[in-house]
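Taken together, the values in this text are just the output of simple stated rules run on the coordinates, not laboratory data. Everything numeric in this text was worked out from a predicted model, so none of it was measured. Note that we place each Cβ from the backbone using ideal geometry, even for glycine, and neighbour counts take in every protein chain shown.
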Amino acid sequence: MFVPKFWKLSHGTDYFTFADMVKSISEKLVFIHKDTQGLGTSRETQGKLFIDAPIGDYFYLTHGNQGIYLFGQFTGPANIFTEWGSGWIDRPFRLIRSAKVGAPYDDDKKWWSPNFRSTFASVPSDEHELFEEKILRPFFDIQLSDFEL
C-alpha cells in the first residue's frame, strides 16, 4: 500500500519573485535546482529527493519564510526541460488548499518548517502530529485524519 509523505517545498526569495510565485501557482508547477545541497550530512541532494518523490506525495509551498502559499500534491514526474534553464527541474501538482494565513512562520524550527533554510525536506513520521499542529491546522484547516492514512 502506498503511503504518501509530507514535504516542505520552498521557492527561495533569492531566486523567485512574488510574480514568479504567482506564475508557478497559476501554471501548477513547482521548481527546484538539481544541485540544491543535501540537508545536514546527507549526500543525497534536495534536488534528487524532489525528483524521486513519488507522484501522490503532498507538500506545502513557501516563499522562503515570507509566507506559506498552498498545500498541494504531486501529479506527475520531474521534468528537466524547464523555462528556468539548465539545472532547474519542475513538477506538476494539484492544488488541494490555499493557505489561509499569509504571515511568516515564527514557531518551532525544524528542517521542514518555513523558518529553516531548506528547500525540499520531508516531515518524519514521528513528527506528523507536530506538523499537523504547526502547519496543517493553522494554515490549511486540515487534520491528519482527513488523509485516512
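What the table shows:
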read-out: Two-site FRET efficiency, ARG137 against ASN79, from Cβ-Cβ distance with R₀ of 35 Å, rounded to 0.05; value: 0.60
read-out: Derived scalar couplings ³J(HN,Hα) [the range 28-37; Karplus, 6.51 cos²θ - 1.76 cosθ + 1.60; whole Hz; x for Gly, Pro]; value: 6, 10, 10, 10, 7, 8, 4, 8, 4, 4
read-out: Nearest-0.05 FRET efficiency for SER98 and SER145, computed from C-beta distance (R0 22 Å); value: 0.60
read-out: Computed lengthening from SER125 to PHE2, 0.36 nm per intervening residue step minus Cα-Cα distance; value: 42.8 nm
read-out: Longest segment of the chain lacking GluC sites (Glu not before Pro) that sit in a DSSP loop with at most 10 other Cβ atoms within 10 Å; value: 1-82
read-out: Proximal charge balance of GLN37 [Cβ under 12 Å; K/R count +1, D/E count -1]; value: +2
read-out: Out-of-range pairs (alpha-carbon distance over 20 Å; input LYS23/LYS134; LYS8/LYS134; LYS23/LYS109; LYS28/LYS109); value: LYS23/LYS134; LYS23/LYS109; LYS28/LYS109
read-out: For the chain, the spread of Cα positions along each principal axis, largest first, Å; value: 39, 35, 30
read-out: Taking SER24, SER122 and counting other C-beta atoms within 10 Å, the order from fewest to most; value: SER122, SER24
